[in-house]
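Peer 1: A single structure is presented below for examination.
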Amino acid sequence: MASSAALSALLAACGTTSAPSTSQTTVKVTTTTRAPVVSSYVYPYTGLPAPNAAAAQLPSLEVKIDNSAPAWPQSGLSESDVIYEEMVEGGLTRYFVVFQSHNATTVGPVRSVRASDADLLATLGGLFAYSGGIPAFVADARATGIVDVGANSAAGADYYRLASRPEPHNLYTSTVSLRASAAGLGSTPPVLFKWRKLGSPFRAAGAVPVSNVQVEFSGATYAQWAWNPALGEWDRTTNGVAQFDASGKAVSAQNVIIEFMPYVNTGFVDPAGNPVPKAESVGSGNAIFLSGGKEAVGTWSKPQANSVPVYRDSNGSQVRLEPGRTFVEMVETGSPVTSK
């Protein structure tokens, strides 16, 4: 099916046991069989069970990770909870990777902050790891109240460069060391998504089966998501190259949200003279949801920078995702998305 057509249409949801005593008489002893204890806590970004309140309320750690070809394979993606993909200068994209339920001993390559990051940080809070950046963008990120654990902060000793890779695609860190440097700091994470029961069907209005979806960010970057029914996940390909992280695991997600939003020119340029864009992720727009091997169209809305986005299907009901990792594609309004 063609997602663009679907979006056009959208625009017009006790047992008793017996034991012998030491004498010859038999005494009946009653015992109670108890059900296994099920945790009432869930991780806020995956909807999966958390062992206790402390784990569920651990501040998140957001890391800017390179997504250019010299950066592949990246490290740490398989331990993440949420990944946002932003368009940056030159039509390339960069990952804004969120860790909360798991640690990653190696994360990278770490890259610089962008203007699009502040509105994400305002919602998520927590700790923010990055390599540096344009001072105005750094100031905007810090103004959200996050804990700065960037390479130029007091946590700078937690970063290192790999001699086996060329700069600037070789800066790495660890969520373990960054958390140790910021022990006791950071805000409680919000619940980002609505969840359905683990393994239950995707029932958003108008959901139809699809096996492959292509998202075009620009002439320089397009992403494909292929449904893997054996593993119950969407596997990622970038510019025709299947993506794996450094552990050999496929870059994948249980859910993919494609958010259509405007991009504006920040007035800054990169060293090559390319304009630096900013995603306008505060507001509302159309969206496509991939989950459980199906696709549905709907909307996203985020009225303020620190609001949690609300995702609705074509009937206006909030979309319920499969517990697990979610990949959010921040695509410019009008960008082609096709599915089959």
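Peer 1: State the antiparallel share, in %, of DSSP beta bridges confined to segment 194-340, rounding to the nearest 5.
Peer 2: 85
Peer 1: Next question, about the same structure. Only helical DSSP H runs with n ≥ 4 go in: add -39500 (n - 2.57) per run for the chain, normalise by residue count and round the 222 nm mean residue ellipticity to 500 deg cm²/dmol.
Peer 2: -3000 deg cm²/dmol
Peer 1: So who's got an amide H within less than 5 Å of the one on Val328, skipping anything under 5 residues away but keeping other chains? H placed 1.01 Å off N, in plane.
Peer 2: Residues meeting the criterion, in which the H sits 1.01 Å from N, are Ile83, Tyr84, Glu85, Ile257.
Peer 1: If you add up the charges near Glu216, with Lys and Arg at +1 and Asp and Glu at -1, over every other residue whose beta carbon is less than 11 angstrom from its beta carbon, what do you get?
Peer 2: Here the charged neighbours net out to -2.
Peer 1: Using only Cα atoms, what is the ratio of the radius of gyration of segment 48-339 to 2.2 N^0.38 Å?
Peer 2: 0.94
Peer 1: A follow-up question, please. Tell me the net charge near Val328. Cut-off is 10 Å between Cβ atoms, Val328 excluded, with +1 for each Lys or Arg and -1 for each Asp or Glu.
Peer 2: Combined, the nearby Lys, Arg, Asp and Glu give -4.
Peer 1: For Asn67, what residues show an amide H to amide H distance below 5 Å, using hydrogens built from the backbone and excluding near sequence neighbours?
Peer 2: Amide H neighbours of Asn67: Tyr95.
Peer 1: In addition: Among DSSP bridges having both ends in segment 48-339, what percentage is antiparallel? Round to the nearest 5.
Peer 2: Bridges in segment 48-339 that DSSP calls antiparallel: roughly 75 percent.
Peer 1: Looking at segment 231-282, which trypsin sites (Lys or Arg not before Pro) are in a loop (DSSP not H, G, I, E or B) and have at most 15 other Cβ atoms within 10 Å?
Peer 2: Loop-located and lightly packed - Lys249.
Peer 1: Moving on. What does the charge dipole of the chain about its Cα centre add up to, to the nearest 20 debye, if the Cβ of each Lys and Arg holds +1 and the Cβ of each Asp and Glu holds -1?
Peer 2: 1140
Peer 1: Longer than 28 Å from Cα to Cα, which of Lys197/Lys294; Lys197/Lys340; Lys197/Lys278 are they? Say none if no pair is.
Peer 2: Over 28 Å Cα-Cα: Lys197/Lys278.
Peer 1: Now, a different point. Could you give me the ³J(HN,Hα) list for segment 293-307, computed from phi with Karplus coefficients 6.51, -1.76, 1.60 and θ = phi - 60°, whole Hz, x at Gly and Pro?
Peer 2: Ordered by residue, 3J(HN,Hα) equals x, 10, 10, 9, 9, x, 9, 10, 8, 8, x, 9, 4, 8, 6 Hz.
Peer 1: Loop only per DSSP, at most 15 neighbouring Cβ atoms within 10 Å: give me the trypsin sites (Lys or Arg not before Pro) in segment 168-226, ordered by residue number.
Peer 2: Passing sites in segment 168-226 are Lys197.
Each value in this text was obtained by applying a stated rule to the coordinates, not by laboratory testing. All of these numbers come straight from a predicted model, not from anything done at the bench. Heads up, the Cβs are rebuilt from the backbone with ideal geometry, glycines too, and the neighbour counts pull from every protein chain shown.
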